[in-house]
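These notes are about the structure you will find just below.
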Amino acid sequence: LVTYADSPYAAYLDRLVEERLDHPLTHRRDPPDRFPELLGRKGAADEAIVVRRLFEERGLRVVDLSRAASSQAPRAERAVATAEALRSAPEIVYQAPLIGSRGFYGVADFLVRTDLLTADGAQASPSVGAPVYTVWDAKLARRPRPQQLLQLCCYAEMLGELQGAPPETVALVL
C-alpha cells in the first residue's frame, strides 16, 4: 500500500513479480539498491536503542519476534508468532508480523500494551481483562511523512483484526 501511494505502477510490478514468476518482466528487475540496505541496518540499530532505553531499562518485558519476521516461512505462519506472543500479555512485542483479511502484510516495529502509561507518562496499573495493544513504528526521520502514517494505519487495522478492536492511537518514534 505504501508503494502504491508512491507509484501505482511500481506496486503493480512488485505484485506481478511475486505472483507470476514466469512473466518476462520478472527477469528484468533492477538489482537491489545498496542504499536501502544501509538504511535498514541503521534503522535496526536505532530500534535496538529504542528497545533498550524506552523499554528494557524500565523493566518492561520485550518479546522479540525478529526471527519470525525475517524467516522464509509463509506470511500467515509468521503472523501466528504475533498472535501467540500476545496471548502471554508482554508489555512490548518487537518486530511483530501482522497479516490482515484483505491480504495486507507488514512487520510492526513495536506493539505496546496500552495500559502501561497514563497521559502524564506515569506508570499505570494494569487493566482488567485481555490487554489491548497499539502500534509504534520507529523511523529515521525528523518529521513524519504521509506514507509512514498510512503504514501505521494499515498496521492498526491488522492489529485490530487480531485483538478484536483497533487501537485508539498509534505512534511514530522519530
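Going by the conditions given, is LEU1 closer than 23 Å to PRO146 by Cα and within 20 Å of the chain's Cα centre (by Cα)? Judged against the criteria, LEU1 is a match. Of all residues in region 47-66, exactly one satisfies the criterion of being open to solvent by less than 50 Å² (accessible area, probe 1.4 Å) and touching a Pro at 6+ places or on another chain (Cβ under 6 Å), namely VAL63. Residues of region 86-115 that are surrounded by 15 or more Cβ atoms within 10 Å (Cβ to Cβ) and free of Cβ contacts under 8 Å to residues at least 24 places away in the same chain: ASP115 alone.
For (1) surrounded by 15 or more Cβ atoms within 10 Å (Cβ to Cβ); (2) within 15 Å of the chain's Cα centre (by Cα); (3) part of a helix (DSSP H, G or I); (4) in contact (Cβ under 8 Å) with a residue 24 or more places away in the chain, each residue gets a yes or a no:
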| site | (1), (2), (3), (4) |
| --- | --- |
| TYR12 | no, no, yes, no |
| PRO32 | no, no, no, no |
| PRO36 | no, no, yes, no |
| GLY40 | no, yes, yes, no |
| ALA45 | no, no, yes, no |
| ALA68 | yes, yes, yes, yes |
| GLN72 | no, no, no, no |
| ALA83 | no, yes, yes, yes |
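Scanning region 133-170 for residues that are part of a helix (DSSP H, G or I) and open to solvent by less than 20 Å² (accessible area, probe 1.4 Å), which turns out nearest to SER88 (Cα to Cα)?
So, considering only residues that are part of a helix (DSSP H, G or I) and open to solvent by less than 20 Å² (accessible area, probe 1.4 Å), the one nearest to SER88 (Cα to Cα) is LEU159.
Filtering region 14-30 to residues that are of a type outside the set (A, V, I, L, M, F, W, C), assigned to a helix (DSSP H, G or I) and exposed (fewer than 12 other Cβ atoms within 10 Å of the Cβ) leaves GLU18, GLU19, PRO24, HIS27, ARG28.
The values are calculated or read from the model by the stated rules, or taken from the named source; none is laboratory data. Since the structure is predicted, the reported quantities are computational estimates derived from the model, not experimental observations. A quick note on method: Cβ atoms are made from the backbone with ideal geometry, for glycine too, and the neighbour counts reach across all protein chains shown. For accessibility, only protein heavy atoms count, side chains too; no ligands or nucleic acids. Shrake-Rupley method; radii C 1.70, N 1.55, O 1.52, S 1.80 Å.
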